[in-house]
Each structure stands twice: as C-alpha cells, then as structure tokens.
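This report concerns only the one structure given below.
The values are calculated or read from the model by the stated rules, or taken from the named source; none is laboratory data. The structure displayed is predicted, hence computed values, not measured ones. Don't worry about glycine lacking a Cβ; one is built from the backbone with ideal geometry, like all the others, and counts go over all protein chains shown.
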Amino acid sequence: MDVCAYVAALEREGSLMAAAARAAGPDAGVPTCPGWTVRDLVRHTGGVHRWATQIVGDPRTGPWKDDLELISGGWPADPDLPDWLAAGSAGLALVLRAADPGLRCWAFLPAPSPLAMWARRQAHETCVHRADAELADGRAVTPIAPEFAADGLDELLTGFITRQGGALRSPVPRMLRIDCADTDARWVVRIGPDAPVAERDPSTTADADCAVTGPAADVYLALWNRRPADDLDVAGDRSVLDLFRGGLRVRWT
C-alpha cells in the first residue's frame, strides 16, 4: 500500500469510529480494552492523532513523550468527543497528504520512509480502535478489506513484535505459522529466549509448531486481541498461539 491509500483508510476509519463512539455514548464500556470507557478510547485515539500530526507537521526528529491531554490542549466535553475525534483524524490526513515524500522526522517502525511509517501506523491505529468502538456499541465490526488487514498483520509481525520488552518469550524455541486464506500473505514467527523474529513469505514452514489460517481480517483482529481465535483454523500446538496473544505488548517508544 502507498501513502495515499493509507491516508484514505485513515479518513474512512476515523469517520466510522466517530459514528460508533457517538452511537455508543461516552460511558459505554469497551470490552476489548478492559477498564476503558468510550470516553477513554476516544481521548486516546484523538490524542494520538494530534501527537502524530505535530510530529509530521513540525516535524520532530526525536521521541515525544508528553501527555496526550497536554498535546491535545485539553479534553473536550463529552458531547463534543465524536466531532473532536473526526476533526483530529481529518487534520492528520491533511498533514500526511501535504507532507514532502522526503520528510525527515522521528519514526519507530521499519518502513520505506518516515512518512510511509506514520501513514501506515495511523491507518491501522484508527482501524483497530474503530473496531473497539463498534464492539462497545454492541454492533458487528465493519468489514476490513483483506489487503488492508494483511498489511496490518505485516506491520504487527515484522514491526511491533520485534520491539517487545520481554513479554513474548519462550525458554524452548517455538514457531508460529500465519496464513491469510484470502490473500497470498503468510509469515512465520520464531519465539524463543530472545526477541521474536518474523519472516515474511517464508521459504519453509515445515517445522511450525502451530499453524493459524483464516480470512485476513479475522486473523488481524484475533492477533490484535480484538476477537477470539475460535473461528480460525488452528493446527498443531494451540498453546503457541496463546503464547503470542498473551505476550503481545505494544510499545510506541
């Protein structure tokens, strides 16, 4: 996917999330984010959008760890939260679309360029939290295109999990194979005493301890812990999948 496609996805996901947040109401619990209400979810996502906007727009060349409420200029009143969220995603989309392709700013995941990293990360950040908002409203998750879901899996597996702070480990080396049934995307993840390693389009999967297969969108939501893995085709030692899901930690810096 290119930057334009990511920005279009960000705009779409931002609009869907704002609609779901409005329907659910600020006090609704978010089952996929224990302890959070929709209010917390919207504040987090809208704050992240404004954080990313300033990193790309200023631009900032080093990590920025200020409080999201401070970055956002304070939280809006509850009735204004959905519109504030939509405005933040739209503003971020404008900045990403106007940015120089050669932009130099801080980035924290592998990508062809800092701009590509931020466009990709914010598209998937918003998609995952859009699913959270829809689940908080008790509705079915709006379908996710297979190619976009496979791209998000690639970001998770080749980017985020390699930055784990120690949670995703195994004293005995284990291999998890992941296949998207509706695209040609597949990976193997090797989990051992050191940081996990993911391989895209592996040359061999014969030694996998566990193989997970399903539609890309279902695998995407399951590996991000946004839906159970019960409907996926899981062959071999299921505890390896449980190890992955239980050890997943997302770190921004």
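Conditions (1) over 21 Å from the mean Cα position of the chain (by Cα); (2) of a type in the set (D, E, K, R); (3) buried (at least 19 other Cβ atoms within 10 Å of the Cβ); (4) not assigned by TED's automatic domain parsing to the domain that holds R177, marked per residue:
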residue	(1), (2), (3), (4)
P202	yes, no, no, no
D209	yes, yes, yes, no
T213	no, no, no, no
A217	no, no, yes, no
A222	no, no, yes, no
S239	yes, no, no, no
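Criterion applied to A77, A131, A98 was being outside the structural domain of L223 (by TED's automatic domain parsing), surrounded by 15 or more Cβ atoms within 10 Å (Cβ to Cβ) and of a type in the set (A, V, I, L, M, F, W, C), and the one residue passing it is A131. Restricting L16, L41 to those that are touching a Lys or Arg at 6+ places or on another chain (Cβ under 8 Å), in contact (Cβ under 8 Å) with a residue 12 or more places away in the chain and farther than 21 Å from E155 by Cα reduces the list to L16.
For R174, the test of being touching a residue at least 24 places away in the same chain (Cβ under 8 Å) and either surrounded by fewer than 19 Cβ atoms within 10 Å (Cβ to Cβ) or under 17 Å from the mean Cα position of the chain (by Cα) (or both) is failed. Only one entry in E155, E125 is of a type in the set (D, E) and farther than 20 Å from V30 by Cβ, namely E155.
The criterion of at least 2 residues that are within 30 Å of A185 (Cα to Cα) and among the aliphatic types (A, V, I, L, M) is met, among helices (runs of 4 or more DSSP H) falling completely within segment 1-120, by 3-24, 38-57, 81-98.
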